[in-house]
Each structure stands twice: as C-alpha cells, then as structure tokens.
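See structure below.
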Amino acid sequence: MARVELKNINKIYDKKVTAISDANIVIEDQEFAILVGPSGCGKSTLLRMIAGLESITSGDLLIDGVRVNDLAPKDRDIAMVFQNYALYPHMTVFDNMAFGLKLRKTPKKEIKERVHHAAEILGLTDLLKRRPKAMSGGQRQRVAIGRAIVRQPKVFLFDEPLSNLDAKLRVQMRTEIKRLHKQLETTIIYVTHDQTEAMTMGNKIIVLDKGLIQQIDSPMRLYNFPANQFVAGFIGSPNMNFIEGKIEKGNRILFKSPDITFSIPENLETLASNFLNQEIILGFRPESIYDQNNENVAWLTEKVKIEIDVIEPIGAETFIYFQANGNDICMRTTSNKEYYTGQSIHIGFDTTRLYFFDKKTGSILR
C-alpha cells in the first residue's frame with residue numbers, strides 16, 4: 001500500500017481565510033489514521049486535498065515519496081468513500097461497483113473477479129443484482145466501500161461515511177470497517193467529528209481545531225496525556241471536567257476555588273509550587289471522582305461536599321451531575337448504589353489523574 005506525508009500544508013481561500021495552517025502529518029503504510037475535530041475544523045478540507053479535490057495553497061503532499069500536488073485525482077491511486085454513498089440509483093450493485101473499472105477499460109473477466117471478491121468480503125454476494133433503492137443504509141454503505149475496494153488503490157479515504165446511519169448500525173459498521181482494514185492490510189485515512197468513532201477505530205488520531213493540528217497520537221495516549229485543554233475536553237465521553245481556581249499556599253499547597261478546595265497531592269506538589277498565586281484550570285475526568293462513602297483510600301483527596309443535581313442511569317454505570325463554580329460537573333460511578341436528586345455526598349478526586357492547564361493558552365502544565 002502507501003505511506004502518506006504532508007509537509008507544511010496550507011489551504012487559504014480568497015487569500016484571507018485560512019482553512020488549514022502548517023499541517024505536518026506522516027501516515028505510515030497500513031496505518032488506520034483518523035482526522036477528528038468539531039465541525040469547521042478543516043478535517044474534510046485536509047482529506048479533499050489528499051484526494052486532489054481541493055488545491056494545495058502551499059506545502060508538499062507525498063504518496064510513497066512521490067510529490068502529488070499537481071496530479072489529478074485519478075492519477076493519485078486513491079479511492080474515496082463519501083458520506084452520502086454516491087451510488088447510481090439506476091444501476092445494480094454489480095454495475096455500481098464495476099463502473100470505475102469499466103471507465104478504466106479493465107478486462108471484463110478481471111472486473112467480474114474483483115467485484116465478486118469485494119462482494120464476498122462485504123457480504124454482498126446475494127445482493128449483486130439489486131438496486132440501491134431496495135437496500136438499507138448499511139447495505140448501501142457497503143456497496144460504496146466495495147466500489148473503492150475493487151479499485152485496489154494505495155490509499156482509502158473515508159469522509160464521515162457513517163454519519164447517516166442509526167446508532168446501532170454505526171457500531172456494526174465500525175466493526176466491519178476495522179475488520180476490513182485488517183483483512184486488506186491497507187492504508188486508511190478516515191474523517192469523523194465523532195470522538196467515540198475516532199477512539200474505537202484508529203491506531204493514529206490527528207486532532208484538529210480551527211485548521212491547526214492540536215495533537216497526533218494513539219487513542220489512549222490522547223486520552224491519558226492530552227497536549228492541551230482542547231484535546232482533553234474533546235477526547236472522552238463524557239467530556240473532561242474543568243474548574244478555574246488558584247494555587248495557594250497555607251499549611252500545604254492548595255487548589256482553591258469558590259466551591260471546591262483541596263490540598264494538592266504530594267505527586268503534584270512540585271509542579272503546583274511553580275504556579276503559586278496563579279489562576280489555572282483544573283481538569284479531571286468523570287471516572288476520577290469517587291464517592292468517599294464507598295471509597296476511602298490513600299490516593300483520594302480529602303472530602304469535598306457536593307449536592308447531586310441530575311442523575312443519568314445508563315445501565316451498568318450512572319452519571320451524576322453537580323454544580324461547581326457555575327459549571328456542570330459529571331461523575332461516573334457504578335450502578336451498585338442508588339442516588340437521588342438533591343442528595344448530599346462527599347466526593348474525592350483521584351490524585352493520580354488530575355491535570356493542570358494554563359488559563360490563557362490552554363496548554364497543559366507539566
């Protein structure tokens with residue numbers, strides 16, 4: 001397959017609107033890379049530049065070491081799967097999958113072999129004579145993927161291919177695409193705004209915001225070691241909680257805010273002492289908050305009293321929401337104990353899972 005490299009890629013519209021700024025990315029052969037970020041962050045623009053559907057203002061795009069900036073899409077040896085399937089309604093599944101090969105004047109015998117091979121991989125063998133209108137959304141998406149597979153390209157590009165499917169089908173298709181990647185041993189670049197999709201599918205995730213790459217890493221490193229507040233807040237469901245406060249020194253070094261105050265744990269004292277009397281942002285994930293009536297261990301901060309505002313039972317887990325400094329704070333707990341709205345409990349924070357961020361820049365404080 002192929003190695004894809006972006007060197008100092010920029011995209012500027014009308015000489016004033018910057019869509020992508022100085023993107024530097026290396027996607028190795030057979031990697032499953034995810035471009036993720038909120039709407040308008042530039043991820044689809046970046047994918048379309050790789051495909052050749054958008055021009056590159058400056059920088060170099062290389063596929064297997066060859067600069068392809070000026071190559072037409074058909075000459076880049078890539079295949080793209082779109083959000084809206086883009087199937088021909090009057091054609092059968094077979095003809096939809098074979099259409100691109102016919103345009104390239106591929107021999108009929110080879111077309112038949114490739115289409116049947118792709119159909120077998122995707123479970124479409126019994127549907128080859130059917131037309132798109134007689135198929136479900138998941139089946140149509142498989143046909144769109146099959147049309148890309150028969151091309152046998154160096155790189156597969158997916159532009160939010162699952163966004164039109166219902167929740168259950170999305171989960172099923174995620175699994176199928178991952179299985180397909182393993183089977184084909186191919187390079188895949190996949191765009192999504194759904195961070196859960198990104199975390200569960202890719203082995204390399206590129207997080208973008210406002211045209212800038214915020215972090216490139218593996219899913220769990222993004223989750224456990226975010227580079228800044230944006231990444232920390234975007235990756236993870238529910239989102240990371242944030243509280244503004246100040247580092248102060250009394251008998252011990254304290255994190256102090258109007259509603260939550262506790263002593264900085266020993267493992268963070270050296271770091272916190274560098275920011276005495278400065279306002280920072282404290283970050284902690286929902287699973288890093290514990291009911292101290294259930295947990296009383298050394299790695300929790302001292303007790304903080306809160307009043308439960310909202311409860312969301314979702315089966316094996318329960319999300320508990322409370323107010324702190326005017327923010328909604330989420331706590332993830334098991335469903336072994338029943339809670340109720342208005343209940344007061346004492347919580348503690350996991351001292352091994354606290355994050356400090358610069359209030360002005362959002363950068364993580366290390």
For residue 305, the lysines lying under 25 Å Cα to Cα, once residues fewer than eight places off in the same chain are dropped, come out as 246, 249, 256, 337
Applying the Karplus parametrisation 6.51 cos²θ - 1.76 cosθ + 1.60 with θ = phi - 60° to the phi angles of the stretch 337-353, what ³J(HN,Hα) value in whole Hz is obtained for each residue in order, glycine and proline being reported as x?
10, 8, 10, 9, 4, x, 5, 9, 9, 9, 10, x, 9, 5, 6, 8, 10
The set of residues whose placed amide H lies less than 5 Å from the amide H of residue 69, leaving out same-chain residues fewer than 5 positions away, is 61
Alpha-carbon spread of the chain, three principal axes, descending order, Å
81, 47, 33
Cross-link reach list, lysines versus residue 154, counting only Cα pairs under 27 Å and skipping chain neighbours closer than eight places
7, 11, 43, 74, 102, 105, 108, 109, 112, 178, 182, 204
Which FRET efficiency value, to the nearest 0.05, do you get for residue 337 and residue 16 by plugging their Cβ-Cβ distance into 1/(1 + (r/R0)^6) with R0 = 51 Å?
0.35
Fraction of alpha-carbon pairs in the stretch 96-158 farther than 17 Å apart, rounded to whole percent, equals 36 percent
In nm, spacing of pseudo-spin labels at residue 360 and residue 327 (7 Å Cα→C-beta vector):
2.0 nm
What is the log10 of I(q)/I(0) for the stretch 1-105, computed with the Debye formula using one identical point scatterer on each Cα and no solvent, at q = 0.19, 0.24 Å⁻¹?
-1.05, -1.37
Pull out the extension gain between residue 200 and residue 58, defined as 0.36 nm times the separation in residues minus the alpha carbon to alpha carbon distance; nm, one decimal.
47.8 nm
Helix-only [θ]222 nm of the chain, DSSP H runs n ≥ 4, -39500 (n - 2.57) each, per residue, nearest 500:
-7500 deg cm²/dmol
Binned Cα-Cα distances of the stretch 227-366, short to long, each 10 Å bin given as a whole percent
12, 43, 35, 10, 0
Quick check: at a probe of 1.4 Å, how many percent of the accessible area of the stretch 71-126 sits on carbon and sulfur atoms?
57 percent
Nearest 0.05, what FRET efficiency do residue 108 and residue 167 give at R0 = 35 Å with Cβ-Cβ as r?
0.30
Could you rank the peptides 159-167, 106-114 by their average count of other C-beta atoms within 10 Å per residue, with the highest value first?
159-167, 106-114
Cut-off under 5 Å, modelled amide H: who pairs with residue 318 long-range:
333, 334, 335
Toy charge model, Lys and Arg Cβ at +1, Asp and Glu Cβ at -1: the chain dipole around Cα centroid in debye, rounded to 20, equals 1820 debye
5 Å-binned pair-distance histogram of the stretch 38-185 (Cα, whole percent)
2, 9, 18, 20, 20, 16, 10, 5, 1, 0
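How large is the direction-averaged shadow of the alpha-carbon convex hull of the stretch 253-303, in nm²?
4.1 nm²
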Expressed as an acute angle from 0 to 90° and rounded to the nearest 10, what is the orientation of the C-alpha long axis of helix 93-103 relative to the principal long axis of the chain?
70 degrees
Rule-of-thumb check for the stretch 199-240: C-alpha Rg over 2.2 N^0.38 Å?
1.04
Run the simple label-point estimate for residue 295 and residue 277 please: 7 Å along Cα→C-beta, distance reported in nm.
3.5 nm
Does anyone have the angle between helix 167-184 and the longest principal axis of the chain? Alpha-carbon axes, 0 to 90°, nearest 10?
60 degrees
Once phi is turned into ³J(HN,Hα) by the Karplus curve 6.51 cos²θ - 1.76 cosθ + 1.60 with θ = phi - 60°, what whole-Hz value does each residue of the stretch 247-258 show in order, with x for glycine and proline?
8, 10, 10, x, 5, 9, 6, 10, 9, 10, 9, x
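The values are calculated or read from the model by the stated rules, or taken from the named source; none is laboratory data. No experiment lies behind these values; they were computed from the predicted model shown. Neighbour counts run over all protein chains shown; Cβ positions are idealised from the backbone, glycine included. Each accessible area value is taken on the protein alone, full model and side chains, heavy atoms only, with ligands, DNA and RNA left out. Shrake-Rupley method; radii C 1.70, N 1.55, O 1.52, S 1.80 Å.
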